[in-house]
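Notes follow the structure.
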Amino acid sequence: MSRIAYVNGQYVPYAQAGVHVEDRGFQFADGVYEVVAITDGGFVDLEGHLARLERSLDELRIERPMTRAALSVVLRETVRRNRVRNGSIYLQITRGAAKREFAFPAGIAPTVVAIARHLDWNKAAANAARGVPAITQPDIRWGRCDIKTVGLLPAALAKQAAKEAGAYEAWLVDEKGFVTEGSSSNAWIVTKENVLVTRAPTTEILSGITRAAVLELAKREGLKVEFRPFTVAEALAAKEAFVSSATSYVIPVVTLDGKPIGNGGPGVVASRLRGLYETHAANHSSDWQAPFISP
Ligand code: PDD
């Protein structure tokens, strides 16, 4: 079955799917995106993702191409046409196409693309059961990491370094030696006192939707949370560490730069939160969805 992409109002086979050569996403990374998990044919925390998308667009003064309801219809239709039951949807909106000039061109329409793909959630679950290695990399990104832009080159370089080191994720470290987040996930530790520590959502990190869900689940478990930066040394001295993202859910990090965290295996707290998140993700009729926590 050929894959179908949504491109600017039409559902087209991949071979015919394309955008303009002067699209500003291509020339300036002048666009934003979202990745939403799909389990058993339903979206996970869609409302939170769409709320964050709207904020990303507003921050960059890119026109919202359609209402949230209309966008949901497009996403559902893209999933349906690709017969994806388990996987993810990628939605990208750029400022549009125009003759190359740095300042915003007047009167152009945003480019909207949606792509659905299959994912084997068992693979993520297997990673979670084993725990994964992470490495550290300098955070060389720009000053507005709260906006989910397609300017992902620093993240791609960090992820490549992780891959070459046999690691799952790269934890990005700021100039003061504090971990900001993963190249495509939020970073957490659990201290010896069983306190969850994760950075406050500022302009230095992306306020993850999965992170918001995990915070709610942690609250319901009665866990204590501190919103503050932590150093690499503190992570290495922690009882547990883990990452959260739409496509990873919760995955324990068991080594950092080759050194074990805690006992070098998945921790109790991270494993419990993953279990709770899996249930939340599977429960599409749940009475709550993770919100977008605005910086
Ligand atoms: N990445 N931080 C960064 C830099 C990210 O790119 C992501 C998500 C997250 C986690 O956010 P959420 O829980 O809302 O997925 C944090 C997606 C999955 C990606 O780029 O593929």
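Rounded to the nearest 0.05, what FRET efficiency is calculated for Ala15 and Ala106 with R0 set to 45 Å and r the Cβ-Cβ distance?
Values: r = 33 Å, r/R0 = 0.74.
Plugging the Cβ-Cβ distance into 1/(1 + (r/R0)^6) gives 0.85.
Any chance you could check the Cα centroid distance between the stretch 160-234 and the stretch 1-26 for me, in angstrom?
35
Note the per residue figure in Å³ for the convex hull of the C-alpha positions in the chain.
In the chain, the Cα convex hull volume per residue is 130 Å³.
Taking 0.36 nm per residue of sequence separation and subtracting the Cα-Cα distance, how much length would be gained by fully extending the chain between Arg80 and Thr247, in nm to one decimal?
58.2 nm
With charges only on Cβ, +1 for K and R and -1 for D and E, what is the dipole size of the chain about its Cα centre, in debye, rounded to 20?
Numbers: 35 positive and 31 negative charges, 105 e Å.
For this selection, approximately 500 debye.
With a sphere of radius 15 Å drawn around the Cβ of Lys192, what net charge do the other residues whose Cβ falls strictly inside it have (Lys, Arg +1; Asp, Glu -1)?
Its environment carries a net charge of -2.
Counting other Cβ atoms within 10 Å, which GluC sites (Glu not before Pro) in the stretch 175-256 have at most 16 and lie in a DSSP loop?
Listed in order of number, the matching sites are Glu175, Glu193, Glu221.
Over 22 Å between Cα atoms, which of Lys99/Lys159; Lys192/Lys259; Lys163/Lys224; Lys219/Lys239; Lys99/Lys148; Lys163/Lys259 qualify?
Details: Lys99/Lys159 33 Å; Lys192/Lys259 17 Å; Lys163/Lys224 33 Å; Lys219/Lys239 19 Å; Lys99/Lys148 24 Å; Lys163/Lys259 17 Å.
Long pairs (Cα-Cα over 22 Å): Lys99/Lys159; Lys163/Lys224; Lys99/Lys148.
Where in the chain is the longest stretch that carries no chymotrypsin sites (Phe, Trp or Tyr not before Pro) classed as loop by DSSP and with at most 14 other Cβ atoms within 10 Å? Walk me through the numbers on the way to the answer.
Numbers: sites that count: Phe102, Trp142, Trp288.
It works out to 143-287.
Give me the distance in nm between label points sitting 7 Å out from Cα along the Cα-to-Cβ direction at Leu157 and Glu22, one decimal.
According to this spin-label approximation, the distance is 3.0 nm.
Within the accessible area of the stretch 58-132, what % is carbon and sulfur when the probe is 1.4 Å and the other protein chains stay in place?
After summing per-atom areas, the C and S share lands at 51 percent.
Any chance you could tell me what percent of the C-alpha pair distances in the stretch 252-295 go past 16 Å?
56
Which of the GluC sites (Glu not before Pro) found in the stretch 58-162 are in a DSSP loop and have at most 16 neighbouring Cβ atoms, other than their own, within 10 Å? Spell out each step's value before the answer.
On the way: sites: Glu59, Glu63, Glu77, Glu101; in loops: Glu63, Glu101.
Counting only loop positions with at most 16 other Cβ atoms within 10 Å, the GluC sites (Glu not before Pro) in the stretch 58-162 are Glu63, Glu101.
How many angstrom separate the Cα center of the stretch 261-276 from the Cα center of the stretch 98-119?
Going from one Cα centre to the other spans 40 Å.
Could you work out the helix-only [θ] at 222 nm for the chain, with each DSSP H run of four or more residues adding -39,500 (n - 2.57) and the total divided by the number of residues, to the nearest 500 deg cm²/dmol?
On the way: 8 runs with 89 residues, N = 295.
Helices in the chain give a 222 nm mean residue ellipticity of -9000 deg cm²/dmol.
For the stretch 1-91, what is the convex hull volume of its Cα atoms per residue in Å³?
It comes to 97 Å³ per residue, whole-number rounded.
When you have a sec, figure out the Kirkwood radius of the stretch 182-249 from all distinct Cα pair distances and drop it here in Å to one decimal? Intermediate results must be reported in sequence, preceding the final value.
Values: mean 1/r = 0.0822 Å⁻¹.
Radius from the Kirkwood sum: 12.2 Å.
What number, in percent, do you get for the relative contact order of the chain if the mean sequence gap of Cα pairs under 8 Å and at least 6 apart is divided by its residue count? Write out the running numbers ahead of the final one.
Numbers: 617 pairs, mean separation 57.6, N = 295.
Contact order relative to length: 20 percent.
Can you tell me the alpha carbon radius of gyration of the stretch 105-195 divided by the globular rule-of-thumb value 2.2 N^0.38 Å?
1.36
List the trypsin sites (Lys or Arg not before Pro) in the stretch 167-249 that DSSP assigns to loop (not H, G, I, E or B) and whose Cβ has at most 10 other Cβ atoms within 10 Å. Which are they?
Lys176, Lys192
Accessible area per residue of the chain at 1.4 Å probe, in Å²? All intermediate terms of the calculation are to be shown ahead of the outcome.
Numbers: 13590 Å² over 295 residues.
Per-residue value: 46 Å².
Once the cut-off is 22 Å, how many percent of the Cα-Cα pairs in the stretch 132-272 end up in the long-distance tail?
Value for the stretch 132-272 (Cα pairs over 22 Å): 29 percent.
The values are calculated or read from the model by the stated rules, or taken from the named source; none is laboratory data. As the structure is a computational prediction, the values presented were derived from the model and not from experiment. With ideal geometry, Cβ positions are generated from the backbone for all residues, glycine too; neighbour counts draw on all protein chains shown. Heavy atoms of the whole protein, side chains included, go into the accessibility calculation; ligands, DNA and RNA do not. Shrake-Rupley method; radii C 1.70, N 1.55, O 1.52, S 1.80 Å.
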